[in-house]
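Laboratory data are not the source of any read-out in this text; all were calculated from the coordinates shown. Predicted, not measured: the structure shown is a model, and the values here were computed from it. Backbone-built Cβ (ideal geometry, glycine too); neighbour counts: all protein chains shown.
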């Protein structure tokens, strides 16, 4: 089976922040988990580099647009290894191969009769790079997302016949109710379609920074049509000399933020239908990471929360967190503190609390004391004793539960299912009290059973937890002499472990 997961491609106007890391980590967790299941996996991320906002930002800095994106894109490229992201390719929409494929697909849409020339007049948000419908206007013609005034635009454009696909899109949602996930985002997409679709601009003629329209050199393609196609175009050139499209298309999951729901759940499937291409299986829409903005007015006793963005002055720098606490701590926090699919507040204070209570105490201390007891009481050799059957039942059910949850991108409950086992093992230590058993020679067999059960269960938890925290679980599994990551091996097995190494603290206390 193939599994193809994508992040949104990130706009290059500003440096990466925690919101970019959030989407990337989520996709990486899914990709790593599916590799553990033996799936043929492709994981794509990248940067969105065309459009009017880039052209305007470059002009302000006295640069060409290409110079600006060539300076900023490496910041996102460099973020990936810092996050320990296992992406198979990083697409840039200024890649010549991408641009050529965009021209090919959009020409096919035109040849299929879904493009016409006309004049656009209406409200436009340069920060969204989006033409707004009447239903999307805020007070005094402002952007509902950015709270900034919209611009009134009038220009000659080519249009995409989006309205022609209204019935097809409603039929898609009827027949595939998990096409948009979670359910409340499905409802949003359906409501937008049912409100009536209008044809949308396919091209722009008032600036030149974009993919040229091959049938009219006075136009470039509207940035969203260029950007959305990255999910399809990248497969054609991600590996030199090999086209991976048949192997991986359609995508299994597109992971996106809720601010780009309209483009991915309405424009994107309509484009694919117009081009005669298969549709992705799922679009999973996550919420915003919210922080108090600088100078934000108070809401009761708390400052007002806003979507994380540089312009609001409320960003958490992922590089800074990694430097202080490590990559795995950041990955854990992103997937633990905000339910995936919902909006949620993030803060440095909350990060520190979770690091101390759950990473250092729950998991780190469990690993350290388990390994230490095997060394103290059995000279570093895990006893080959029969395992605790009741404990095995509780631990062994996790892999099936985890697979079911991640099949629907329920990353938060997946992590919680593992953490319930982490806490169960901590209780097991307190219940069995190996330090007491060690004082009574008559309890030697029971001590063997407890140490064998505890260490083997810890190994299973390490395998299950690997997609979220690959560095620390890798160190743990190496120390246990069992580096294998296959999910089918995530069940307790007597005699699996032998001599184990000592283990440095996985999450040192700060």
(request) Determine the gain in length on full extension of the stretch residue 394-residue 504; use 0.36 nm per residue of separation and subtract their C-alpha separation, reporting nm with one decimal. (result) 36.8 nm
(request) Using only Cα atoms, find the angle between the long axis of helix 65-82 and the longest principal axis of the chain, and express it within 0 to 90 degrees, rounded to the nearest 10. (result) 20 degrees
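I want to verify the translational diffusion coefficient of segment 105-239 in µm²/s; compute it with Stokes-Einstein, Rh as the Kirkwood radius over Cα pairs, at 10 °C and 1.306 mPa s.
Values: Rh = 16.6 Å.
After rounding, the answer is 96 µm²/s.
Please quote Rg/Rh for segment 1-126 to two decimal places, taking the Kirkwood radius as Rh and restricting both calculations to Cα atoms. Walk me through the intermediate numbers first.
Values: Rg = 17.5 Å, Rh = 16.8 Å.
Radius of gyration over Kirkwood radius for segment 1-126 works out to 1.04.
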(message) Could you sort the peptides 418-427, 440-449, 456-465 by per-residue average Cβ neighbour count (10 Å cutoff), highest mean leading?
(response) 456-465, 418-427, 440-449
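Can you give the percent of C-alpha pairs in segment 395-456 whose distance is more than 15 Å?
Working: 1104 of 1891 pairs.
The calculated P(r) of segment 395-456 puts 58 percent of pairs beyond 15 Å.
State, as an integer percentage, the relative contact order of the chain based on alpha-carbon contacts under 8 Å between residues 6 or more apart. Intermediate results must be reported in sequence, preceding the final value.
Values: 851 pairs, mean separation 76.0, N = 510.
Contact order relative to length: 15 percent.
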(request) Hey, could you get me the Stokes-Einstein D for segment 2-289, Kirkwood radius over alpha-carbon pairs, 25 °C and 0.890 mPa s, rounded to whole µm² s⁻¹? (result) 126 µm²/s
(request) Could you pull the Cα extents of segment 318-381 along its three principal axes, largest to smallest, in whole Å? (result) 48, 24, 17
(message) From the helices alone, meaning DSSP H stretches of at least four residues, give me the mean residue ellipticity at 222 nm for the chain, per-run term -39500 (n - 2.57), in deg cm²/dmol to the nearest 500.
(response) -13000 deg cm²/dmol
(request) List the relative contact order of segment 1-159 as a percent without decimals, with contacts defined as Cα pairs under 8 Å and 6+ residues apart. (result) 21 percent
(request) Rank the residues 4, 428 as a footprinting-exposure proxy: fewest other Cβ atoms within 10 Å of their Cβ go first. (result) 428, 4
(message) Please rank 267, 89, 284, fewest neighbouring Cβ atoms within 10 Å first, as an exposure proxy.
(response) 89, 267, 284
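As a footprinting exposure proxy, order 277, 63, 202 by other Cβ within 10 Å, with the fewest listed first. Walk me through the numbers before you get to the answer.
Working: 277 18, 63 14, 202 25.
The order, fewest Cβ neighbours first, is 63, 277, 202.
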(request) Determine the percent antiparallel among the DSSP beta bridges restricted to the chain, to the nearest 5. (result) 55 percent
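Rank by packing, highest mean first: peptides 148-156, 253-261, 182-190, with packing defined as the count of other Cβ atoms within 10 Å averaged across residues. Could the numbers behind the result be given before it?
Working: 148-156: 14.7, 253-261: 20.7, 182-190: 16.7.
Top of the packing list down: 253-261, 182-190, 148-156.
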(message) With just the Cα atoms defining each centre, how far is segment 321-394 from segment 213-268? Give it in Å.
(response) 38 Å
(request) Take every Cα pair under 8 Å in segment 2-289 that's 6+ residues apart, average their separations, divide by the length, and report that relative contact order as a whole percent. (result) 21 percent
(message) Can you divide the C-alpha Rg of the chain by 2.2 N^0.38 Å and report the result to two decimal places?
(response) 1.09
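Can you give the Kirkwood hydrodynamic radius of segment 355-489 from its Cα pairs, in Å with one decimal?
Working: mean 1/r = 0.0655 Å⁻¹.
Value: 15.3 Å, from the Cα pair sum.
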